[in-house]
Amino acid sequence: MRKDSETLALCDRFFDAIEKGDYETLESCYAPEAVVWHSHDCLYESRASNLAMLKHGMETLPKMRFRDRRVRVFEGGFVQQHTMHVTRENGFEGTMDVCFVGYVRDGMISRAYEYFDTGQVEKFLGPR
Amino acid sequence: MTTEYEIRELCERFFDAYENKRADILDELYSDDCIVWHNVFGKDTTREDNLAAMRVDKGQRRRTYNDRVINVFHDGFVIQYSLNGVMHDGHVGPALWICIVGKVRAGKITRIDEYMDSSKFPAWSGRDRK
Amino acid sequence: MKATTVNRKLCNDFFDAIERNDLDAVADCYAPDMTMWVNLTGTEMPREENLKVLHDGAALHRRRTYDDRRINAFDDGFVVQYTTTVVALDGTKVALSSCLVADTRDGKITKLYEYMDSGKFRRRRA
């Protein structure tokens, strides 16, 4: 499918931007109508709220990496499985296995679904 | 070569088999070397582990796999769905919202990667009730 | 093949046929008594008129594709949300988000309901 490579590029660009702290590129990956659903509350979060959260993370966390990325493209979107590695301000390195499903419109993420296990949140946030 | 329609139907048959507790159908659908990875355990399990687990009574009289949104690629599928359970005592908790990525080869499932939120289990099974 | 699979394939075959201007294949997707309702006019068009519109419409643009197809199929029909990308004769592109609902019977489309936003159509230059 000729659009596969565009969708793959979008997916890579999105996660690379978060890793590099490149807010402008990250922002350009989301369509104006974008909403993000998370499995911890099963609610759709607005574009603005999600970007603010990512921006805060990019500015305060020493390091964020999406490792072991496995992407598959389907008609209208993609699914990426990865392990998120986050270095916290106190030096703790947290990890979380995530499955991210992105639905794409006009080369941008229009709707996203993020699945992860909050039952293992201590592995991600560190000891409280 | 498996067509997108065959992969989609395979995915549906797989979940119908879990819903109807048909270990015989699952036995056919899992490849011999199939690995099932669960985010909740963070490790690989075998087809035998999973077929055995299906036979264990986890306290549900009935479970249904609803709201199935399936997307297909040349070698597999991703499915987003809600798992609903009715316990033996009649309790119906909030659904579990789950995502599975499946790999398919020659009409069989060769790998399952399952993403659940284990913090939702107590409410789902009613174990959090006083 | 399950009825939902038949209808899902019918939807893809239908769009694929229009994309390659294969009107015989499009006609093959239609039941003899097929009609089409379009939200833009609110009126129903019979089968032959619809085929004629498709035929005449092909000359108005260079290419049109039906992308990002999100199909939900039922035993007696389907609904598809999609993006129509139209490349005009002068090379410019416009992408329209649309929705089509179909009633089917025995693997053929008996009724189409098309929802488009004409406010997004390119205005013809005077």
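Every number here is computed from the coordinates shown, using simple stated rules; none is lab data. Keep in mind that what you see is a predicted model, and the values were worked out from it rather than measured. We place every Cβ from the backbone using ideal geometry, glycine too, and count neighbours over all the protein chains shown.
Using the Cα centre of chain C as origin and beta-carbon charges of +1 (Lys, Arg) and -1 (Asp, Glu), tell me which of C:27, C:121, C:4 is placed farthest towards the positive end of the dipole.
Positive-end residue among those listed: C:121.
Could you tell me the ratio Rg/Rh of the protein assembly as shown? Both radii from Cα atoms, Rh via Kirkwood. Display every interim value, and only then the final one.
Numbers: Rg = 23.4 Å, Rh = 23.3 Å.
The Rg/Rh ratio comes out at 1.00.
Calculate the mean, over all residues of peptide A:58-66, of how many other protein chain Cβ atoms lie within 10 angstrom of the residue's Cβ.
Values: counts 0, 0, 0, 0, 0, 0, 0, 0, 0.
So the per-residue partner count for this stretch is 0.
If you find the alpha carbon centre of region C:9-59 and of region A:4-20, how far apart are they in angstrom?
37 Å
In degrees, nearest 10, range 0 to 90: what is the angle between the Cα axis of helix A:4-20 and the longest Cα principal axis of chain A?
30 degrees
How large is the dipole of chain C about the Cα centre if only Lys and Arg carry +1 and Asp and Glu carry -1, each at its Cβ, rounded to the nearest 20 debye? Don't skip to the end; give the middle numbers.
On the way: 20 positive and 20 negative charges, 135 e Å.
Magnitude of the dipole: close to 640 debye.
Tell me the angle of helix A:47-60 to the major Cα principal axis of chain A, expressed in degrees between 0 and 90 and rounded to the nearest ten.
Once rounded, one gets 40 degrees.
Please report, to two decimal places, log10 I(q)/I(0) for chain C at q = 0.13, 0.18 Å⁻¹ as given by the Debye formula with identical point scatterers on the Cα atoms and no solvent.
Log10 I(q)/I(0), no solvent term: -0.52, -1.01.
Compare the Cα positions of A:46, A:110, A:61 along the charge dipole of region A:4-125 (+1 at Cβ of Lys, Arg; -1 at Cβ of Asp, Glu; about the Cα centre) and return the one farthest towards the positive end.
A:61
Within a Cβ distance under 11 Å of residue A:116, other residues only, what is the Lys/Arg minus Asp/Glu net charge?
Numbers: positive: A:123; negative: A:97, A:114, A:117, B:117.
Around residue A:116, the surrounding residues sum to -3.
Which whole number gives the average count of other chain Cβ atoms within 10 Å of the Cβ atoms across peptide C:89-98? Can you show the working numbers first?
Numbers: counts 0, 0, 0, 0, 0, 0, 3, 0, 3, 0.
Average neighbour count from other chains, rounded to a whole number: 1.
Which one of B:86, B:36, B:104 has the biggest mean-square fluctuation once chain B is modelled by GNM with Cα springs under 10 Å?
Highest fluctuation of the listed residues: B:86.
Roughly speaking, what is the centre-to-centre gap between region B:1-56 and region B:88-130 when only Cα atoms are used, to the nearest Å?
A separation of 13 Å, based on Cα centres.
Per residue of C:11-18, count partner chain C-beta atoms within 10 Å of its C-beta, then hand back the mean as an integer. Walk me through the numbers before you get to the answer.
Details: counts 0, 3, 0, 0, 0, 0, 0, 0.
Going residue by residue through C:11-18 and averaging, the value is 0.
For residue C:43, what charge total do you get from the other residues with a beta carbon under 14 Å from its beta carbon, if Lys and Arg give +1 and Asp and Glu give -1?
Details: positive: C:111; negative: C:44, C:49, C:114.
For residues surrounding residue C:43, the net value is -2.
How much mean residue ellipticity at 222 nm does the protein assembly as shown get from its helices, if each DSSP H run of length 4 or more adds -39500 (n - 2.57) and you divide by all residues, to the nearest 500 deg cm²/dmol? List each step's numbers first, then the result.
Details: 11 runs with 116 residues, N = 384.
Theoretical 222 nm ellipticity from helices: -9000 deg cm²/dmol.
Would you mind checking the tilt of helix C:47-58 against the longest principal axis of the Cα atoms of chain C, expressed as 0 to 90 degrees and rounded to 10?
The helix C:47-58 is inclined about 40 degrees to chain C.
Give me the one-decimal nm value for the distance between modelled label points at residue B:118 and residue C:24, 7 Å along each residue's Cα-to-Cβ direction.
For residue B:118 paired with residue C:24, the spin-label model returns 6.1 nm.
Set the bar at 25 Å for Cα to Cα. Now go through B:108/C:2; C:2/C:111; B:43/C:2; A:20/B:120; C:2/C:108; A:20/C:120 and name every pair that lies beyond it. Don't skip to the answer; put the middle values down first.
Numbers: B:108/C:2 18 Å; C:2/C:111 21 Å; B:43/C:2 35 Å; A:20/B:120 33 Å; C:2/C:108 15 Å; A:20/C:120 37 Å.
As for pairs spanning more than 25 Å Cα to Cα, those are B:43/C:2; A:20/B:120; A:20/C:120.
With +1 assigned to the C-beta of every Lys and Arg and -1 to the C-beta of every Asp and Glu, and no other charges, what is the dipole magnitude of the protein assembly as shown about the Cα centre in debye, to the nearest 20?
Details: 57 positive and 63 negative charges, 111 e Å.
The calculation lands at about 540 debye.
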